[in-house]
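The values are calculated or read from the model by the stated rules, or taken from the named source; none is laboratory data. Bear in mind that the values here come from a model prediction, so they are computed numbers and not experimental data. All Cβ positions, glycine included, derive from the backbone under ideal geometry; neighbour counts span all protein chains shown. Areas reflect the complete protein model, heavy atoms only, side chains present, ligands, DNA and RNA absent. Shrake-Rupley method; radii C 1.70, N 1.55, O 1.52, S 1.80 Å.
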Amino acid sequence: MNDAKERTKKVRLNIIGSTLLKGVNILVSLLLIPLTIKFVNSTQYGIWLTISSIVAWIGYFDLGLSLGFKNKFAEARALNKVSLAKQYVSTTYAVIFLLFSSLALIGLVLNSFIDWASFLNLELSYTSELQMVFGILIVYFSSNMILRIVCTMLDACQRNVISDFILTIGQILMLAVIYIMMHVIPKGSLIILSLVYSCTPLIVLIIATLIVFRLPEFRSFAPTFSTIHFKLTGSILSLGVQFFFIMVSMLMIYQIVNVIIARNLGPEVVTQYNVAYKYFSILLMGMIVILNPLWAAFTEAYTKNDKVWMKNVLRNMEKMIPVIVLAMSVMFLCSDLFFKLWVGDDVDIPLITSGSIACYALMQVIANIYMYLINGIGKVRLQTTIYATFALLAIPVMDYFCKLFGVPGLLFIPTLVYLLQAIMGRIQIRMLISDTAKGIWNK
């Protein structure tokens, strides 16, 4: 009972603290978009969103190590195995460093041979600039994957508020630098933009890592060369490889959206889509504040077989769904007015585009309620199967639907996938908590 009370207390404190920080983060994100559009222009911003989303694919190839580490580290802490937890930290840092250093090197070599302007159907005058931007972003995303391990560890320790604070500071610093650059440089460029977006969060993560591992609570987990045990990689990957397949499948279904839009509808529509999605995903970001601490808490509760606590949490989360639907409906009704106040005449977003993105974001929020809790338990085979099945068909179908119906057609497949994940996830989590899950439902 004491464990359950302590776990609930940690979750509540994390939610309260993270809500405040996420509110700041959302405000900064909303301010960044119109500021960035003015720093460059709507077309260049659409190009920036497209190329940054392509390079972000690097993060999907960590073989699930980060998420596998998160669960294994949380399990070790729940069982008071401090030495094992430290070994997981050291080993994860070593493996991810080797992996992403290699990926960065390969990416930089390939970048020198790819004509990105032709690939994205852009003017050839962008050729050399895009190659430079891609190079900067390859180094950034690879470094970011290594440095973000400290945030994953904090989440696993149910100290999400510290992790959110680190990321929020990075966002605030980025906003400040963009604002200053607007007054220093009359006309911005994609290269300057990529440097600002890359350097500021990395500097914050480096400083945060040095500070966190000096704090009394986390000092015992600080990575050392002597506690690197590559034999633990198999243990991390046993779960991590399933997360890897989920992430690659999600890449094929969700992260390809900007590229398909850019190739078929142009970079201006990429800007329209991302501005609208940023608005409607405010609800998702709010829900993630609640779900993030619950991931590690469910890992601990499942390890300790505290099914009563898990049932109560699930019941409370499901009570929020009608409120979520109502909130998204209100956001849609107010969307046109909000866009006018937010970005003015710089970006014109059709109502049908807003409606399709609102439906997509709504399904994403509801599905994540179940998927986050299941991820904490580590029974993700069903999720993997659903994602993998759709990933095989996603790109050609989404490309075809985009040509026929624009953004609403493109989002049909991603929305359908999240709908299925919500339905199947609800069934699976109830089976897992009631100890009736068998076969694929229990893998």
Item to complete: Six or more apart or on different chains, Cβ under 7 Å: which pairs go from a residue in the range 187-198 that's under 16 Å from residue 43 (Cα atoms) to one that's modelled with pLDDT of 85 or more and open to solvent by less than 30 Å² (accessible area, probe 1.4 Å)? Could you list them?
Response: 190/133; 191/133; 194/133; 194/137
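So which helices (runs of 4 or more DSSP H) stay within the range 47-152 end to end and still have 1 or more residues that are within 18 Å of residue 205 (Cβ to Cβ) and open to solvent by less than 40 Å² (accessible area, probe 1.4 Å)? Spell out how you get there, then give the answer.
Numbers: elements: 65-78, 82-111, 116-119, 127-147.
Fully inside the range 47-152 and qualifying: 65-78, 82-111, 127-147.
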Fill in: Elements of type helices (runs of 4 or more DSSP H) contained in the range 269-348, each with 2 or more residues being touching a residue at least 40 places away in the same chain (Cβ under 8 Å) and either more than 25 Å from residue 154 (Cβ to Cβ) or charged (D, E, K, R) (or both)
307-318, 321-343
Response to the item:
Subset of the range 383-397, residues at pLDDT below 85, more than 12 Å from residue 421 (Cβ to Cβ) and open to solvent by less than 60 Å² (accessible area, probe 1.4 Å), comes to 388, 391, 394, 395
Response to the item:
Cβ pairs under 6 Å, 6+ apart or interchain, first in the range 415-439 and without any contact (Cβ under 8 Å) to a residue 60 or more places away in the chain, second assigned to a helix (DSSP H, G or I) and of a type in the set (Gly, Ala, Ser), ordered by first then second residue, are 418/367; 421/367; 422/367
Worksheet entry | Residue count, the range 90-123 (criterion: out of contact with any Leu (no Cβ under 8 Å at 6 or more places or on another chain) and without any contact (Cβ under 8 Å) to a residue 24 or more places away in the chain) | 12
Discussion item. Step by step: first the residues of the range 398-426, then only those that are in contact with a Ser or Thr (Cβ under 7 Å, 6 or more places away or on another chain) and part of a helix (DSSP H, G or I), then the one that is surrounded by the fewest Cβ atoms within 10 Å (Cβ to Cβ). Which residue is that?
Written reply: 408
Worksheet, complete the sentence: Note on the range 195-222: residues surrounded by 12 or more Cβ atoms within 10 Å (Cβ to Cβ) and more than 17 Å from residue 166 (Cβ to Cβ) are 195, 196, 220
Discussion item. Can you pull out every residue in the range 330-354 that is surrounded by fewer than 15 Cβ atoms within 10 Å (Cβ to Cβ) and under 24 Å from the mean Cα position of the chain (by Cα)?
Written reply: none
Worksheet item: Among the residues of the range 303-314, is any open to solvent by 60 Å² or more (accessible area, probe 1.4 Å) and on the phi > 0 side of the Ramachandran plot?
Response: yes
Worksheet item: Among the candidates 223, 186, 201, which residue alone is at pLDDT 85 or above and more than 30 Å from residue 83 (Cβ to Cβ)?
Response: 201
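Can you tell me which of 275, 241 is modelled with pLDDT under 90 and surrounded by fewer than 18 Cβ atoms within 10 Å (Cβ to Cβ)? Quick ask: steps written out before the conclusion?
Numbers: 275 fails: surrounded by fewer than 18 Cβ atoms within 10 Å (Cβ to Cβ).
Being modelled with pLDDT under 90 and surrounded by fewer than 18 Cβ atoms within 10 Å (Cβ to Cβ) holds for just one of 275, 241, which is 241.
Can you say whether residue 249 is under 30 Å from residue 54 (Cα atoms), hydroxyl-bearing (Ser, Thr, Tyr), buried (at least 19 other Cβ atoms within 10 Å of the Cβ) and at pLDDT below 80, as far as the supplied structure shows? Walk me through how you get there before you give the answer.
Values: under 30 Å from residue 54 (Cα atoms): yes; hydroxyl-bearing (Ser, Thr, Tyr): yes; buried (at least 19 other Cβ atoms within 10 Å of the Cβ): yes; at pLDDT below 80: yes.
Yes: the conditions hold for residue 249.
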